[in-house]
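Asker: Pasting a structure here, questions to come.
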Amino acid sequence: MSDIDPNDQETSFVSHLVELRTRLIHAIIGLLVVFLPLAPFANNIYSLVAQPLLTHMPEGTSMVAIEVISPFLTPLKLTLMLSVFISIPWVFYQVWLFVSPGLYQHEQRIALPLISAATFLFYGGMLFAYFVVMPLIFKFLTATAPEGVAVMTDISKYLDFILTLFFAFGMAFQVPIATFLLVKTGVSTPQSLAEKRPYIIVGAFVIGMLLTPPDIISQTLLALPMWLLFEIGLLMSKRFARPTEH
């Protein structure tokens, strides 16, 4: 028979729920701390994020707001999403505080650097999308518009488009972390992953097709960095990763 007291189990479960609630509240407070000061500048933030498109739009054209509430709601939605992205380190820190007591010491040593690296790579993916991908996409799309068609993008459609790009590139830049973990946990080996390189390259282009808007430029600009990041992750795993002992 088990010597574990059911009352102790219930107390432990309740304490975990209380701790989870505390971490969620702290994460939301951190998000609000970022969002509230930015909210008054929502229109300026939207104009800044729209600059890659506005730069390449034909002279005399502008973006439009089709829905009645779009001029107010769309910049505010963008500011909220920006606040989420900015507060990611704080949110991850709250996650770390929640899970770290249940980790072994060797797991704690590797978890925090990996979380930090994942955050850095996510931001790197977003910056790559903003400074490299978006200008190329909008230059191409505005230049290929049929004659007689005015390029006047709806502001809410533009927001959905760029958020998709930001999320896709932020997640795609996690490839080195995923590669490292596959080797570290013993699921695969660097040699096995290297042998699967042709399939991984094809998979990168398929993922680029699924995650990005339906244009060949953004698909290629997502797939190629994923391939490069896979190679970086492969080098990291060969040098630093050793299968975890179970």
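Asker: Kindly evaluate VAL84 against the criterion of being closer than 16 Å to ASP160 by Cα and either open to solvent by less than 20 Å² (accessible area, probe 1.4 Å) or in a helix (DSSP H, G or I) (or both).
Answerer: Yes: the conditions hold for VAL84.
Asker: Still on this model: With respect to the numbered conditions (1) surrounded by 17 or more Cβ atoms within 10 Å (Cβ to Cβ); (2) at pLDDT below 80, which one is the sole condition not fulfilled by SER237?
Answerer: The number of the failed condition is (2).
Asker: Let me ask you something else. Those residues that are open to solvent by less than 50 Å² (accessible area, probe 1.4 Å) and over 21 Å from LEU163 (Cα atoms), I need them from the stretch 31-65; list them, please.
Answerer: If the condition is that a residue be open to solvent by less than 50 Å² (accessible area, probe 1.4 Å) and over 21 Å from LEU163 (Cα atoms), then THR61 is the only one that fits.
Asker: If you don't mind, there's one more thing I want to ask. Sort out which residues of the stretch 133-151 are among the aliphatic types (A, V, I, L, M) and under 17 Å from GLY60 (Cβ atoms), and write them in order of number.
Answerer: Selection gives ALA143, ALA145, VAL149, ALA150, VAL151.
Asker: Mind listing whichever residues of the stretch 109-143 are within 18 Å of PRO176 (Cβ to Cβ) and among the small types (Gly, Ala, Ser)?
Answerer: Listed by number, the residues that qualify are ALA111, SER116, ALA117, ALA118, GLY124, GLY125, ALA129.
Asker: At least 3 residues that are open to solvent by 80 Å² or more (accessible area, probe 1.4 Å) in each: list the helices (runs of 4 or more DSSP H) lying fully within the stretch 126-213 that qualify.
Answerer: 134-143, 155-172, 197-211
The values are calculated or read from the model by the stated rules, or taken from the named source; none is laboratory data. Computed from a predicted model, the values in this text were never measured in an experiment. Quick reminder, even Gly has a Cβ in these numbers, built from the backbone with ideal geometry, and neighbours come from all protein chains shown. These accessible areas exclude ligands, DNA and RNA; they are computed on the full protein's heavy atoms, side chains included. Shrake-Rupley method; radii C 1.70, N 1.55, O 1.52, S 1.80 Å.
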